[in-house]
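The values are calculated or read from the model by the stated rules, or taken from the named source; none is laboratory data. What you see is a predicted model, and the numbers here were worked out from it, not measured in a lab. Backbone-built Cβ (ideal geometry, glycine too); neighbour counts: all protein chains shown. All accessible areas refer to the heavy atoms of the entire protein, side chains included, with ligands and DNA or RNA removed. Shrake-Rupley method; radii C 1.70, N 1.55, O 1.52, S 1.80 Å.
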Amino acid sequence: MLAATPVIAQETDQATLDRINALLAGMQCEVDPANIEPEDAGWELDDVFCADGQYDIKLDADLNVTERRKE
């Protein structure tokens, strides 16, 4: 019998949104805050617009880029 593991959803507060936006600005990117989705181990950013194209980006809990896929 397998025990269910609860999924703990983290909220994306304004301070975290500001940190994510600052990180993206340093990468010459921007994202609509509605496209920042909390995940178990960080955040998923959909439809990030950068100087060189559009991306989906995943961040870990420390806001390190763990995945960057060009769309």
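Quick check: pseudo-label points 7 Å beyond the Cα along Cα→Cβ at ARG69 and ASP46, how many nm apart are they?
Distance between label points: 1.2 nm.
Simple spin-label model, 7 Å along Cα-to-Cβ: GLN54 to GLU37 in nm?
Distance between label points: 1.6 nm.
As I understand it, the dipole of segment 31-71 uses +1 on the Cβ of Lys and Arg and -1 on the Cβ of Asp and Glu, about the Cα centre. Which of ALA61, VAL31, TRP43 lies farthest toward its positive end?
So the residue furthest toward the plus end is VAL31.
Once phi is turned into ³J(HN,Hα) by the Karplus curve 6.51 cos²θ - 1.76 cosθ + 1.60 with θ = phi - 60°, what whole-Hz value does each residue of segment 22-35 show in order, with x for glycine and proline?
Computed from phi, the couplings for segment 22-35 are 5, 4, 5, 4, x, 9, 6, 10, 8, 9, 6, x, 5, 9 Hz.
Could you sort GLU39, GLU71, GLU44 by their accessible area in this structure, using a 1.4 Å probe and putting the largest first?
Heavy-atom accessible area, descending, gives GLU71, GLU39, GLU44.
So, with +1 on the Cβ of K and R and -1 on the Cβ of D and E, and no other charges, what is the size of the charge dipole of segment 13-52 about its Cα centre, to the nearest 20 debye?
Dipole of segment 13-52, to the nearest 20 debye: 240 debye.
Return the carbon/sulfur percentage of the accessible area of segment 10-71, one whole number, probe 1.4 Å, all protein chains in place.
45
Give me the extension gain from LEU17 to ASP62: residue separation times 0.36 nm, minus the current Cα-Cα distance, reported in nm with one decimal.
Here the segment from LEU17 to ASP62 would lengthen by 14.9 nm.
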